[in-house]
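The values are calculated or read from the model by the stated rules, or taken from the named source; none is laboratory data. What you are looking at is a predicted structure, and each value in this text was computed from that prediction instead of being measured. Note that we place each Cβ from the backbone using ideal geometry, even for glycine, and neighbour counts take in every protein chain shown.
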């Protein structure tokens with residue numbers, strides 16, 4: 001029992017073999033290398049397949065950010081699409097009004113994407129402080145209500161001050177600036193942030209809330225603080241993903257951010273394995289590609305897709321990876337045998 005507890009503790013806190021500054025430098029170099037790769041892909045890759053790859057990047061951001069709250073912290077939110085909508089409309093409306101060219105345009109887009117994420121995070125804070133005192137089904141219903149409120153407000157609002165919203169007809173004519181580089185640069189930042197948070201000493205507090213919230217509170221863990229923190233961070237990255245969608249498609253429709261969109265993101269987290277970051281990434285890839293791979297079945301493709309999900313959850317109810325990461329099983333077994 002003591003050995004198992006020690007292994008669990010070691011697997012939950014990751015100590016890098018390289019200095020942090022070296023890791024940060026390598027990550028920065030990798031992100032920068034995406035820029036020339038973007039040019040190569042746009043030149044040689046079929047636009048249809050490139051579009052799928054870009055949507056994979058957006059779904060990785062959404063699934064990984066929700067996994068921090070639903071999987072690692074063990075709560076249940078159905079409002080992720082609402083945060084995505086906030087980020088999308090903030091970024092889209094701002095880009096419609098301010099769209100400089102050249103390098104200034106790139107900095108403007110970066111600022112507007114971050115602004116969309118901040119607005120979503122603030123909404124997460126406002127909603128989270130009262131709602132996250134709830135648990136289970138009550139929390140799910142509260143977050144679902146938030147998502148529907150956001151949809152209703154967007155659907156009924158044509159303009160806020162000088163910024164156009166578009167109402168039920170949607171927001172159109174948004175400058176298209178997002179590409180492979182922007183999408184996967186933010187995807188890498190999201191994964192690295194969530195990973196470092198989840199597998200640090202602070203991450204143990206999030207997991208304590210998941211395992212037994214009452215016991216965690218008795219041990220001095222501020223459970224409300226950690227739940228709100230996970231909720232706000234997840235909301236921020238959902239807002240960024242919404243901004244990327246707005247500046248990639250150039251058009252936004254309120255119907256794109258309804259309850260069904262939140263369910264799609266939750267399915268990615270559950271299918272990959274609640275608590276597994278690499279599992280969420282794997283599920284995002286699979287669930288983005290699956291409908292496209294089944295397109296040749298025409299009207300039956302969604303039926304087949306749904307049946308495949310049902311069979312997968314019957315065979316692997318804990319998800320594709322459970323709470324493990326892709327490469328950890330072999331390392332853990334090696335420690336046990338040693």
Selection over region 116-152 where residues are over 22 Å from residue 261 (Cα atoms), touching a residue at least 60 places away in the same chain (Cβ under 8 Å) and in a helix (DSSP H, G or I) yields a count of 1
Tell me whether region 43-56 contains one or more residues that are modelled with pLDDT of 95 or more, assigned to a helix (DSSP H, G or I) and within 30 Å of residue 126 (Cα to Cα).
yes
Mind listing whichever residues of region 275-301 are touching a helix residue (DSSP H, G or I) at 6+ places or on another chain (Cβ under 7 Å), in a helix (DSSP H, G or I) and without any contact (Cβ under 8 Å) to a residue 24 or more places away in the chain?
290, 291, 295, 297, 301
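Residue 232: within 30 Å of residue 165 (Cα to Cα), surrounded by fewer than 16 Cβ atoms within 10 Å (Cβ to Cβ) and in contact (Cβ under 8 Å) with a residue 12 or more places away in the chain, yes or no?
Numbers: within 30 Å of residue 165 (Cα to Cα): yes; surrounded by fewer than 16 Cβ atoms within 10 Å (Cβ to Cβ): no; in contact (Cβ under 8 Å) with a residue 12 or more places away in the chain: yes.
No, not satisfied.
Please determine, by comparing only the residues of region 5-25 that are surrounded by 11 or more Cβ atoms within 10 Å (Cβ to Cβ) and at pLDDT 65 or above, which one is farthest from the chain's Cα centre (by Cα).
Here is the first cut: in region 5-25, the ones surrounded by 11 or more Cβ atoms within 10 Å (Cβ to Cβ) are 6-8, 10-14, 22-25.
Imposing the further condition that a residue be at pLDDT 65 or above reduces the set to 13, 22-25.
Values: 13: 22, 22: 26, 23: 23, 24: 21, 25: 24 Å.
Filtering region 5-25 for residues that are surrounded by 11 or more Cβ atoms within 10 Å (Cβ to Cβ) and at pLDDT 65 or above, the one farthest from the chain's Cα centre (by Cα) comes out as 22.
Which residues, counting only those in region 158-178, are farther than 13 Å from residue 97 by Cα, more than 24 Å from the chain's Cα centre (by Cα) and surrounded by 16 or more Cβ atoms within 10 Å (Cβ to Cβ)?
Residues of region 158-178 farther than 13 Å from residue 97 by Cα: 158, 166-170, 176-178.
Subsequent filtering for residues that are more than 24 Å from the chain's Cα centre (by Cα) retains 158, 166-169.
Scanning region 158-178 gives a single hit, 166.
Yes/no matrix, rows are residues, columns are (1) out of contact with any strand residue (DSSP E or B) (no Cβ under 9 Å at 6 or more places or on another chain); (2) closer than 23 Å to residue 54 by Cα; (3) at pLDDT 75 or above:
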{"residue": "286", "(1), (2), (3)": "yes, yes, yes"}
{"residue": "289", "(1), (2), (3)": "yes, yes, yes"}
{"residue": "299", "(1), (2), (3)": "yes, no, no"}
{"residue": "303", "(1), (2), (3)": "yes, no, yes"}
{"residue": "317", "(1), (2), (3)": "yes, no, yes"}
{"residue": "325", "(1), (2), (3)": "yes, no, yes"}
{"residue": "328", "(1), (2), (3)": "yes, no, no"}
{"residue": "331", "(1), (2), (3)": "yes, no, no"}
{"residue": "337", "(1), (2), (3)": "yes, no, no"}
